[in-house]
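Participant: My questions will all concern the structure given below.
The values are calculated or read from the model by the stated rules, or taken from the named source; none is laboratory data. Nothing here was measured: the structure is a model prediction, and the numbers come from that model. Note that each Cβ is placed from the backbone with ideal geometry, even for glycine, and that neighbours are counted across all protein chains shown.
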Amino acid sequence: MSDHYYSKQPQSAEKTSFITCEFKNQAFSFSTSTGVFSKKGIDFGSRLLIESFQAPNIEGDFLDLGCGYGPIGISIAYFHDNHQVYMVDINERAIEFSQKNARHNDVSNVCIMQSDGFEHLKDQSFAAIITNPPIRAGKKVIQGFFKESVSHLVDGGELWVVIQKKQGAPSVITYLSTLFTEVEVVERKKGYYIIRAIVAA
């Protein structure tokens with residue numbers, strides 16, 4: 001698992017590439033590398049999550065849980081510059097590139113740190129947690145993310161998840177329904193589901 005993107009220190013030789021993209025008619029550019037998730041370009045699920053996300057009408061910071069090289073957190077921070085966006089990933093290389101990409105895109109309302117899930121966010125609470133979960137890390141890790149999210153959301157806070165049907169979207173909806181007050185599918189496209197789960201206000 002040393003070359004897996006869900007690793008603290010990927011062992012693959014670093015090979016950097018540069019990608020440009022557009023979300024909501026705004027151009028962004030990102031440096032990426034081997035050893036991080038979706039290194040060749042913005043995956044469809046992340047793009048759909050960025051395009052679908054709507055900020056909850058409550059006060060509080062946001063969290064990009066499993067940020068990779070940063071496209072979700074950085075773009076959401078750009079579009080919601082009145083919010084502080086925390087970005088965490090277990091992968092130290094991903095964090096390094098997220099930090100570079102935030103600077104390159106002139107996004108300053110971010111706090112980027114290495115953390116295995118909520119490991120270094122013990123006392124933090126958020127209005128929204130956004131995640132393209134690390135499917136290859138396994139069901140136990142992903143369900144742990146979802147379960148811990150409940151205690152890290154303020155009253156009325158929201159968890160936003162993107163997941164493919166073939167990766168278990170229906171079972172994720174069922175599981176989230178045991179944890180959250182309200183669960184709904186916000187968008188569905190090309191086999192990807194955007195799911196919003198809300199904590200009781």
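Participant: Working only within the range 175-198, note down all residues that are in a helix (DSSP H, G or I) and in contact with a strand residue (DSSP E or B) (Cβ under 9 Å, 6 or more places away or on another chain).
Facilitator: Residues satisfying the conditions are Leu176, Ser177.
Participant: Checking the structure you have, find out if any residue of the range 158-170 is assigned to a strand (DSSP E or B), modelled with pLDDT of 95 or more, closer than 17 Å to Ile72 by Cβ and among the acidic types (Asp, Glu).
Facilitator: The answer is yes, given that some residue of the range 158-170 is assigned to a strand (DSSP E or B), modelled with pLDDT of 95 or more, closer than 17 Å to Ile72 by Cβ and among the acidic types (Asp, Glu).
Participant: Hey, another quick one. Considering only the range 117-137, I want to know if a residue exists there that is more than 21 Å from Ala200 (Cβ to Cβ), at pLDDT 95 or above, hydrophobic (A, V, I, L, M, F, W, C) and touching a helix residue (DSSP H, G or I) at 6+ places or on another chain (Cβ under 7 Å).
Facilitator: The answer is no; no qualifying residue exists.
Participant: Could you count how many residues in the range 54-90 are surrounded by 24 or more Cβ atoms within 10 Å (Cβ to Cβ) and not β-branched (Val, Ile, Thr)?
Facilitator: So the count comes out to 15.
Participant: Does Lys8 meet the test of being surrounded by fewer than 16 Cβ atoms within 10 Å (Cβ to Cβ) and modelled with pLDDT under 95?
Facilitator: Yes; evaluated as a whole, the condition is true for this residue.
Participant: Additional query: Counting just the residues of the range 138-170 that are of a type in the set (Asp, Glu) and under 15 Å from the mean Cα position of the chain (by Cα), which one comes out surrounded by the fewest Cβ atoms within 10 Å (Cβ to Cβ)?
Facilitator: Glu148
Participant: Read through the list (1) in contact with a helix residue (DSSP H, G or I) (Cβ under 9 Å, 6 or more places away or on another chain); (2) free of Cβ contacts under 8 Å to residues at least 24 places away in the same chain; (3) not aromatic (Phe, Trp, Tyr), then give the number of the only condition that Ile194 fails.
Facilitator: Unmet condition: (2).
Participant: Identify, please: which residue in the range 23-43 is over 16 Å from Gly66 (Cα atoms) and not in a strand (DSSP E or B) and is, among those, nearest to the chain's Cα centre (by Cα)?
Facilitator: Only one residue fits best here, namely Gly41.
Participant: Any residue in the range 101-112 that is buried (at least 20 other Cβ atoms within 10 Å of the Cβ) sitting within a Cβ distance under 8 Å of a residue that is in a loop (DSSP other than H, G, I, E, B) and not charged (D, E, K, R)? List the pairs, counting only those 6 or more apart or interchain.
Facilitator: Between residues of the range 101-112 that are buried (at least 20 other Cβ atoms within 10 Å of the Cβ) and residues that are in a loop (DSSP other than H, G, I, E, B) and not charged (D, E, K, R), the close pairs are Asn101/Tyr69; Asn101/Gly70; Ala102/Gly70; Ala102/Ser108; Val110/Gln84; Ile112/Cys67; Ile112/Gly70.
Participant: To continue, here is another question. Scan the range 101-113 and give yes if some residue there is farther than 22 Å from Thr20 by Cα and over 12 Å from the mean Cα position of the chain (by Cα), otherwise no.
Facilitator: Yes, that holds for at least one residue.
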